[in-house]
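First up is the structure itself, then whatever we jot down about it.
Bear in mind these aren't lab numbers, they're just calculated from the coordinates by the rules spelled out. Not measured: the values here are computed from a predicted model. Using ideal geometry, Cβ is built from the backbone for each residue, glycine included, and neighbour counts are taken over all protein chains shown.
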Amino acid sequence: MSPLRDDVVSVTSRLTTTFWPGVVTLPYVVMGGTDGRFLRKAGIPTYGVQGIFYDAGDMRFHGRDERVGVREFYEGQEFLYRLVKELAARR
């Protein structure tokens, strides 16, 4: 597991509030597979930030009909763009 960095959490939390007021940002560990394990082995901290919301009654992860809503796709794209841009500017 990568160490929890204050800069990553603060920017993620602020952008989450900007995009989706009232949504709380919480760290958690996903028990699935990720390519991040290769980066972590090389000493590069790696974090996964979703930025896409799904209808709780319409989860279709990894199925033949997996999908994301158009609005949710573009929101997630803009959210992740701003997150990377702001974190990169701090380096």
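Worth a mention:
- Applying both filters, DSSP loop and at most 15 other Cβ atoms within 10 Å, to the GluC sites (Glu not before Pro) of the range 18-79 gives Glu66.
- Given charges at beta-carbon only (K, R positive; D, E negative), |dipole| of the range 6-89 in Debye: 260 debye
- Between Arg60, Arg14, Arg71, the residue with the greatest mean-square fluctuation in the GNM of the chain (Cα pairs under 10 Å linked by springs) is Arg60.
- The range 22-34 - phi-based ³J(HN,Hα) in whole Hz, Karplus 6.51/-1.76/1.60, Gly and Pro as x: x, 7, 8, 8, 10, x, 8, 10, 8, 8, x, x, 8
- Using just its DSSP H runs of length 4 or more, each adding -39500 (n - 2.57), the chain gives a mean residue ellipticity at 222 nm of -14000 deg cm²/dmol after division by all residues.
- Around the amide H of Tyr47, modelled in the peptide plane, lies no amide H under 5 Å away from a residue 5 or more places distant or on another chain.
- Computed from the Cα positions only, the extents of the chain along the three principal axes stand at 36, 30, 20 Å, in decreasing order.
- Here the Karplus curve 6.51 cos²θ - 1.76 cosθ + 1.60, taken at θ = phi - 60°, turns the phi angles of the range 46-59 into couplings of 9, 10, x, 10, 6, x, 10, 9, 10, 5, 4, x, 9, 7 Hz, with x standing for Gly and Pro.
- Gain in span if fully extended, Arg71 to Arg90, counting 0.36 nm per residue against the direct Cα distance: 3.9 nm
- Rg over Rh, two decimals, the range 1-45 (C-alpha only, Kirkwood Rh): 1.05
- Remark: relative contact order (the range 6-89) = 36 percent; criterion is Cα-Cα distance under 8 angstrom and separation of 6 or more residues.
- Of the residues Pro21, Gln50, Leu87, the one whose Cα sits farthest toward the positive end of the charge dipole of the chain, with +1 on the Cβ of Lys and Arg and -1 on the Cβ of Asp and Glu, is Leu87.
- Net +/- balance of residues flanking Met1 in space, Cβ distance below 14 Å, scoring K and R +1, D and E -1: +4
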